[in-house]
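These notes concern the structure reproduced below.
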Amino acid sequence: MLDLRQISPKLNKEMKELKRFFEPNAKISRRSMALMTFFQVAVLLTLWQFFAAEIIPKPTDIFKSLGWLISDRNMLGELGSTTILTLKAMFFATSIGMVLSFLAPVAFFKPTVGLVANLRFLTLVGFSVLIRLYTSTGEEYKVVLLIFGMLPYIVTAMSVEVIRIKKEKYNYARTLGYGPWQSLWNVGVRGLMPKVLEVVRQNFAIAWMMITMVESANRENGGIGALLYDQNRFAHNFDPVFAIQLAIFIVGMSVHVLLNYVNTKTFKWAYISKS
């Protein structure tokens, strides 16, 4: 027979754990959070499968189209080329953006940094033709367009972090015998390296969103954006469109998680207080 005295403490513990899900800033175990996430995704997929509008593909139809795209339309190859292109553009945009951001405390470069940061209010449409004229290949055009699109956001996010560094840290570096540029290197550049990877991780989402639009506008050399555009041209054929969107989401999230893992493992000291 079941012993109610043994069941009751376990039940109370589970009820307390469930209650914490509805409390702000409550500490939830990873196992409980994983179970709750799985439950919510399962409920969403069930509702989607049985109650979605007729024009919206069901999850089963999307997974069927996913297999067809992989076998007949080389979707994995297109995803791979798009990912490499995006990472290449991210490397150049980050390199340029970091140099500009870390020069923000230098008075001579402040107007330039401010100008580049405020370029985020412009649209790329007005410069796309000009960039096309000055690039020789489709891949080069896409990379340059992505760099121009991402650079203002990287400089905006990173220059704020550099400017926020307290003057006391620079003064302390000067007492150790460092000159102005040595202080900037040790306090700014070396001290903010964890923030650099975090900014890259956050801005990858912008690049990943932009690349599909860039590749659909210029379908030279293919890419997942070109494949998405080709499938989106056919009316009432949304199964492959949703399947491609699912693949784009999975790859984007995978890179996002990977960059976070690299950041936490490379700069463990920066996350001690968080853990």
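The values are calculated or read from the model by the stated rules, or taken from the named source; none is laboratory data. In this text, all values refer to a predicted model and were calculated from it rather than measured experimentally. Quick reminder, even Gly has a Cβ in these numbers, built from the backbone with ideal geometry, and neighbours come from all protein chains shown. Surface accessibility is based on the protein's heavy atoms, side chains included, excluding ligands, DNA and RNA. Shrake-Rupley method; radii C 1.70, N 1.55, O 1.52, S 1.80 Å.
Using Cα positions and a limit of under 23 Å, work out the lysines in reach of LYS169, with same-chain residues fewer than 8 apart set aside.
LYS110, LYS195, LYS268, LYS274
How big is the charge dipole of segment 46-190 about its Cα centre, in debye rounded to the nearest 20, if each Lys and Arg gets +1 on its Cβ and each Asp and Glu gets -1 on its Cβ?
So the dipole magnitude of segment 46-190 works out to roughly 700 debye.
Can you compute the charge dipole magnitude of the chain about its Cα centre, using +1 on each Lys and Arg Cβ and -1 on each Asp and Glu Cβ, nothing else charged? Give it in debye, rounded to the nearest 20.
Around 1480 debye, computed over the chain.
Within 12 Å, Cβ to Cβ, of ILE165, how many net charges do the neighbouring residues add up to if Lys/Arg are +1 and Asp/Glu are -1?
Computed value for this residue: +4.
Hey, what number do you get for the chain at 222 nm if only DSSP H runs of n ≥ 4 count, each worth -39500 (n - 2.57), divided across all residues, to the nearest 500?
Calculated at 222 nm, the ellipticity per residue is -24500 deg cm²/dmol.
Could you give the distance between the Cα centres of segment 200-266 and segment 11-47, to the whole Å?
First find each Cα centre; the distance between them is then 30 Å.
Put +1 on the Cβ of each Lys and Arg and -1 on the Cβ of each Asp and Glu in the chain; which of PHE109, THR135, LEU176 then has its Cα farthest toward the positive end of the dipole?
LEU176
Using unit Cβ charges (K, R positive; D, E negative) and no other charged atoms, how large, in debye to the nearest 20, is the dipole of segment 143-199 about its Cα centre?
It comes to approximately 240 debye.
Test of understanding: what is the full-extension gain from ILE131 to ILE96, defined as 0.36 nm times their sequence separation minus their Cα-Cα distance?
10.8 nm
Rolling a 1.4 Å sphere over the protein heavy atoms, what is the accessible area per residue of the chain, to the nearest Å²?
Per-residue accessible area for the chain comes out at 66 Å².
Using a 1.4 Å probe on the protein chains only, how many percent of the accessible area of the chain belongs to carbon and sulfur?
66
Rounded to the nearest 0.05, what FRET efficiency do ARG120 and PHE22 give with R0 = 41 Å and r taken as the Cβ-Cβ distance? Could you check?
Rounded to the nearest 0.05, the efficiency is 0.60.
Could you compute how much accessible surface VAL241 exposes when probed at 1.4 Å, giving the result in Å² to the nearest 10?
Its heavy atoms expose roughly 10 Å² to the probe.
Output wanted: per-residue J couplings in Hz (rounded whole) for segment 92-97, from phi through Karplus 6.51 cos²θ - 1.76 cosθ + 1.60, θ = phi - 60°, x for Gly and Pro.
5, 5, 5, 4, 5, x
When the solvent-accessible surface of protein heavy atoms is calculated with a 1.4 angstrom probe, in what order do ARG30, ARG164, ARG201 fall, highest first?
Result, largest first: ARG30, ARG164, ARG201.
Counting only C-alpha contacts under 8 Å and six or more residues apart, can you give the relative contact order of the chain as a whole percent?
21
How charged is the neighbourhood of GLY222? Take every other residue with its Cβ under 13 Å from the Cβ of GLY222, and add Lys/Arg as +1 and Asp/Glu as -1.
-2
Contour minus end-to-end for ASN74 and ALA53, with contour as 0.36 nm per residue of separation and end-to-end as the Cα-Cα distance?
My answer for the length gained is 4.6 nm.
Pop the C-beta distance of VAL189 and VAL257 into the FRET formula with R0 = 35 Å and round what comes out to the nearest 0.05.
Once the sixth-power term is evaluated, E becomes 0.85.
For the chain, just the Cα set please: Rg and Dmax, both in angstrom.
24.4, 82
Could you point to the residue in PHE50, MET15, PHE121 farthest towards the positive end of the chain's charge dipole, with +1 and -1 charges on the Cβ of Lys/Arg and Asp/Glu respectively?
MET15
Using the Cβ atoms and a cut-off under 14 Å, what net charge is assigned to the surroundings of TYR261, where Lys and Arg are +1 and Asp and Glu are -1?
My count for the surroundings of TYR261 gives +2.
Taking a cut-off of 18 Å between Cα atoms, list the lysines near LYS142, but don't count ones fewer than 8 places away on the same chain.
Correct list for LYS142: LYS88.
Report the extension gain between MET209 and SER29 in nm, rounded to one decimal, defined as 0.36 nm multiplied by the number of residues separating them, less their alpha carbon distance.
Net length gain for the segment: 61.6 nm.
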